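Everything below concerns the one structure shown next.
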Amino acid sequence: MSENKIPYKIYLEESEMPKAWYNVRADMKNKPAPLLNPGTHQPMTAEELEGVFCADLVAQELDNENAYIEIPQEIRDFYKMYRPSPLVRAYCLEEKLQTPAKIYYKFEGNNTSGSHKLNSAIAQAYYAKKQGLKGVTTETGAGQWGTALSMACSYFDLDCKVYMVKVSYEQKPFRREVMKVYGASVTPSPSMETEIGKKINAEHPGTTGSLGCAISEAVEVAVKNPGYRYVLGSVLNQVLLHQSVIGLETKAALDKYGIKADMIIGCAGGGSNLGGLISPFMGEKLRGEADYEIIAVEPASCPSFTRGVYAYDFCDTGMVCPLAKMYTLGCDFIPSANHAGGLRYHGMSPVLSQLYDDGLMKAVSVEQTKVFEAAEQFARVEGILPAPESSHAIRVAIDEALKCKETGEEKTIVFGLTGTGYFDMVAYEKFHNGEMTDYIPTDEELAKYRAKLPKMD
Ligand SMILES: *Cc1c(COP(=O)(O)O)cnc(C)c1O
């Protein structure tokens, strides 16, 4: 089919939408390392995990064997409200850059939560409901995950308790109110409602909180309240599994027009959108059927892949969660206060960590002023106001397209556009006022956090 026959937006028919999630672990020779009990350092058993997480989700978390896991009909029906998400050929951006590269992006911002997080939120809420639970607890930083989960819980009539990092709670009142529209309770973290919250408030008076601290609070509340479980929006194997719907749709859309991607780019916070986008492509790569260059993009101020270590670490500040083997900066690491662009988690998905360690994907870090420059360049030609997180991927897609301009290569570049930036206008404002700076942690700072990694024997 000739090039100009490819539409601006490639949609799939309902009948072409994925009926099963793809579990990339099934094709990995080196499986991701198991979660460990923080006390005994033994692999967490299903029984132990079921005290914190929903039973069906624990089964998915531990499943390294089954390549395909059926998407329950109820979830597929919900997906139909906002999926398939479009795969867009960035003709206008290509034209603006005068690049021979062909650029595509998969846009996940077409739902009220404004990001890909709804793909996993609806799955997690479904399994909680199926188990007969009353509700779920979670943390949220910037607010996208909390919003997505609130939407999913209201759909299945579940109670939703969100612990929101205090600084975001105060600075992002609109996100907080969106969650309340969907009936969630939103508590600023650290709160005085939990033991860990009281402890952190006593040790750090006036603290504005962190993601790691909010996770500890949400877990404590789930464990102490009968009929509640804790859910997490990134990092975990099960979340990557649910997000594989992004990659499966992308692959189906490309295949429909006989397009072969050369390069796949995504931003990486905890790794869920990138893991989901690349899963089916990585599967082909692992099985030796095709090759792709895969690039994770992270902020220079929170560089888990590029400057972290591959080690067991706590997932939360309170050290109540299981230990995960991942690329990490240390569980006390918090990016500098001037960091506006999201992607601030100290660790990285164990699945992606293993793939990266095995040399199957690359990672680069970018500075936030460069990220916002790319965001505006993109917004002005493609018409979508991107989330700062997503704009990390835009930055590298543009850089790669400009390299093609020099070499004359006609690479096909696919990147994940994870969401919209309507609630991030304070960050855009800082950028416009020239108040945005780039802070890159020093080696000494990183060494200080690394020294606190748990000692494993
Ligand atoms: C949460 C979020 C991310 C980062 O999370 P991952 O788990 O790394 O995908 C990226 N983009 C948007 C819009 C988000 O809301």
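No lab work stands behind these numbers, since they all come straight from the coordinates. Being a predicted model, the structure only gives us computed values, none of them experimental. In this analysis, Cβ positions are derived from the backbone assuming ideal geometry, glycine residues included, and neighbour counts consider all displayed protein chains.
For residue 358, neighbours were defined as the other residues whose beta-carbon sits under 14 Å from its Cβ, and their charges (Lys and Arg +1, Asp and Glu -1) total +4.
Rounded, prolate or oblate: pick one for segment 328-399, where a ≥ b ≥ c are the square roots of the eigenvalues of its C-alpha gyration tensor, a/c under 1.5 means rounded, and failing that, prolate if a/b is larger than b/c, else oblate. It comes out oblate by the Cα gyration axes. For segment 256-321, applying the loop criterion from DSSP together with a ceiling of 14 other beta carbons within 10 Å to the trypsin sites (Lys or Arg not before Pro) yields 260, 287.
Listed by Cβ neighbour count within 10 Å, with the fewest neighbours leading, 92, 331, 267 appear as 92, 331, 267. Protection proxy ranking of 246-255, 53-62, 348-357, 288-297, by the mean of other Cβ atoms within 10 Å over each peptide's residues and highest first, is 348-357, 246-255, 53-62, 288-297.
Scaling against 2.2 N^0.38 Å puts the C-alpha radius of gyration of segment 339-457 at 1.25. Think of it as helices only: each DSSP H run of n ≥ 4 in the chain is worth -39500 (n - 2.57), and spread over all residues that comes to -12500 deg cm²/dmol at 222 nm. Looking only at segment 132-147, which residues have a backbone nitrogen under 17 Å from a spot 7 Å from the Cα of residue 422 in the C-beta direction? Residues 143-147 qualify, since their backbone N sits under 17 Å from the label point. Once the C-beta distance of residue 130 and residue 358 is scaled by a Förster radius of 30 Å, the resulting FRET efficiency is 0.30 to the nearest 0.05.
Kirkwood hydrodynamic radius of segment 64-139, from the reciprocal of the average inverse Cα-Cα distance over all distinct pairs: 15.4 Å. Global dimensions of segment 1-151 from alpha-carbon coordinates: Rg and Dmax equal 19.4, 60 Å.
Counting lysine pairs in segment 71-129 whose alpha carbons fall under 23 angstrom apart, excluding pairs fewer than 8 residues apart on the same chain, gives 6. Over segment 285-350, the hull volume per residue, using the convex hull of the C-alpha atoms, is 107 Å³.
Near the amide H of residue 87, within less than 5 Å, lie the amide hydrogens of 10, all on another chain or at least 5 residues away, with H placed in the peptide plane. When both segment 361-422 and segment 69-98 are represented by their alpha-carbon centers, they are found 18 Å apart. Treating each Cα of segment 391-448 as one equal point scatterer and applying the Debye formula with no solvent, the log10 of I(q)/I(0) at q = 0.12, 0.14 Å⁻¹ comes out as -0.54, -0.69.
Among the GluC sites (Glu not before Pro) in segment 424-457, those located in a DSSP loop and surrounded by at most 14 other Cβ atoms within 10 Å of their own Cβ are 435.
On the principal axes of its alpha-carbon atoms, the chain has extents of 62, 49, 47 Å, going from largest to smallest. Under the Kirkwood approximation for Rh and a Cα-based Rg, what ratio Rg/Rh is obtained for segment 174-278? The Rg/Rh ratio comes out at 1.13.
In segment 221-287 the Cα-Cα distances spread across 5 Å bins starting at 0 as 4, 16, 21, 20, 13, 9, 6, 5, 4, 2, 0 percent of all pairs.
Under the classification rounded if a/c is under 1.5, otherwise prolate if a/b is larger than b/c and oblate if not, where does segment 130-197 fall, given a ≥ b ≥ c as square roots of the Cα gyration tensor eigenvalues? In terms of gyration-tensor shape, oblate.
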